[in-house]
Amino acid sequence: MSAPIVRPERTRLEPWVLRRAGARDEAGLRRHQLRALRATVRRAKESSRFYARRLHDVDPDGLADLAGVAGLPFTTADDVRSSGMDMLGVRQGEVERIVTLPTSGTTGDPKRIFFTAADQELTIDFFEHGMSVLVEPGDRVLILLPGERPGSVGDLLRRGLARMQVEGVVHGPVRDVCRALAVLQAGRFDAVVGIPVQVLGLARRSVAEGPAVRLKSVLLSTDHAPRSLVAAIEDAWGCRVFDHYGTTEMGLGGGVECEAHMGYHLREADLLFEVVDIETGAPVPDGHCGEVVFTTLTREAMPLIRYRTGDYSRFVPRPCPCGSWLRVLDTVRTRVAGRVRLKNGEMLDLAAIDEALFALPDVADCHVRLSEDRGTLSVEVLAASFRDRGVAQRDGLDALSRGAVAALEAVPAIGSAVRVGHLDLRATAGTAAWPGSDGTAKRMLKTSEHTEEPG
């Protein structure tokens, strides 16, 4: 007899979203979103100098339905950088926390995102209910995210977990793999929350050097998680891996996968999401890819209306197998600015490179740069673990470099460009991490002129 088909558990976010919206069904949620959208626009016009100017001719009561949001102007990262203080919707004394996001280049003003205590409470509430997919009362969770300051993401996550009788231990980002692995091995943890490449590095080091680690679940956050990376962590630790989607601008939490792993169920009572055409800005139908845009519906300190995230995704055009009617945003695997056209006309993004390289068992991370003329693709590969030293280590790293080249040449866009002489492919492997690899900035396919900020 064949094994019975087990239906994924219905996402626990659905009843929480309904309670937050004061609704009983999807129609009630949409009515809540429309009321909240009108209220957000009205309040932004009244309390924010930036939106008083930007929305001067907009009548909130003229928004007849949710489709009307497409008639409102976008807010961009440049707007936040140049007019952040003017976006404040409260008095400065009511601001509980300010998060500064620097640019990835050497010049450019940082973005500053403001939160009241009530804004942070919304995040804690989401973390409590979002984490219920992964853990249960009595579990212990190792948090590999910044958490040393009150109100930081690790601190808010720890507080959310405590509300469900789960102990969260804040370690911070992985800056020393051996030390973090020792903490994980000694701590009797049931779950880990961390940055994808950092968690992968721990998983592969634990397999190479032991002792074995066994977990119930892992949540990956702050950056996109390639399928090959997820599979490697699941194989190493025998656990379920879930992906979280969120940015600082969203209030740190946007959505989380359910057991079906088809994409993210979203915080629809607090955020209104859209997907728009990259060039025209027009909404695209479900199933079509574009840029993810969101509007805050319950934010006090810094309302954001139609904020362009720079993330590239789509709404999944079919119901989630878990049975929920909540919309599903497909897993974000790349950035709009991270998609480049090679000399042969092929489009390349970091997602394709990641899928190829993280499938190699000795890779812990990679750093990719494309020359300004699009003629040279340089890849640095960080080896997960090499016990050998001297000649044996050099031979191992040389073999890893050759493996990386072969894996990349199997990527259609890269292979075709190399074969016709339009792309020179170079790969090196080492055991020393590059500056910044232990931080929380998003990984990018970099070009010489690239100055996009971490998100």
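For region 41-54, taking the residues that are crowded, with 19+ Cβ neighbours inside 10 Å and hydrophobic (A, V, I, L, M, F, W, C), the one that is nearest to residue 274 (Cα to Cα) is identified as 41. Among the residues in region 115-127, are any more than 24 Å from residue 443 (Cβ to Cβ), aliphatic (A, V, I, L, M), part of a loop (DSSP other than H, G, I, E, B) and assigned by TED's automatic domain parsing to the domain that holds residue 172? No, region 115-127 contains no residue that is more than 24 Å from residue 443 (Cβ to Cβ), aliphatic (A, V, I, L, M), part of a loop (DSSP other than H, G, I, E, B) and assigned by TED's automatic domain parsing to the domain that holds residue 172.
For region 68-81, how many residues are surrounded by 16 or more Cβ atoms within 10 Å (Cβ to Cβ), under 24 Å from the mean Cα position of the chain (by Cα) and either part of a loop (DSSP other than H, G, I, E, B) or among the basic types (Lys, Arg) (or both)? Looking only at that region, the number is 1. Can you report the number of residues in region 136-150 which are surrounded by fewer than 22 Cβ atoms within 10 Å (Cβ to Cβ) and more than 19 Å from the chain's Cα centre (by Cα)? Going through region 136-150 one residue at a time, the tally reaches 8.
How many residues does region 251-289 contain that are among the aliphatic types (A, V, I, L, M), touching a helix residue (DSSP H, G or I) at 6+ places or on another chain (Cβ under 9 Å), crowded, with 17+ Cβ neighbours inside 10 Å and farther than 20 Å from residue 12 by Cα?
Looking only at region 251-289, we keep the residues that are among the aliphatic types (A, V, I, L, M), and these are 252, 256, 260, 262, 266, 269, 271-272, 275-276, 278, 282, 284.
Next, from what is left, pick out any that are touching a helix residue (DSSP H, G or I) at 6+ places or on another chain (Cβ under 9 Å): 252, 256, 266, 269, 271-272, 276, 278, 282.
Narrowing further to those that are crowded, with 17+ Cβ neighbours inside 10 Å: 252, 256, 266, 269, 271-272, 276.
Add one more test, that the residue is farther than 20 Å from residue 12 by Cα, and what stays is 276.
Count: 1.
For region 166-177, state whether one or more residues are free of Cβ contacts under 8 Å to residues at least 40 places away in the same chain and more than 27 Å from residue 384 (Cβ to Cβ). Yes: region 166-177 contains one or more residues that are free of Cβ contacts under 8 Å to residues at least 40 places away in the same chain and more than 27 Å from residue 384 (Cβ to Cβ). Put simply, of 62, 84 the only residue that is small (Gly, Ala, Ser) and either touching a residue at least 60 places away in the same chain (Cβ under 8 Å) or surrounded by 13 or more Cβ atoms within 10 Å (Cβ to Cβ) (or both) is 84.
The values are calculated or read from the model by the stated rules, or taken from the named source; none is laboratory data. Note that the structure is predicted; figures quoted are calculated from it, not measured. Here Cβ is always computed from backbone atoms with ideal geometry, including for glycine, and neighbour counts include all displayed protein chains.
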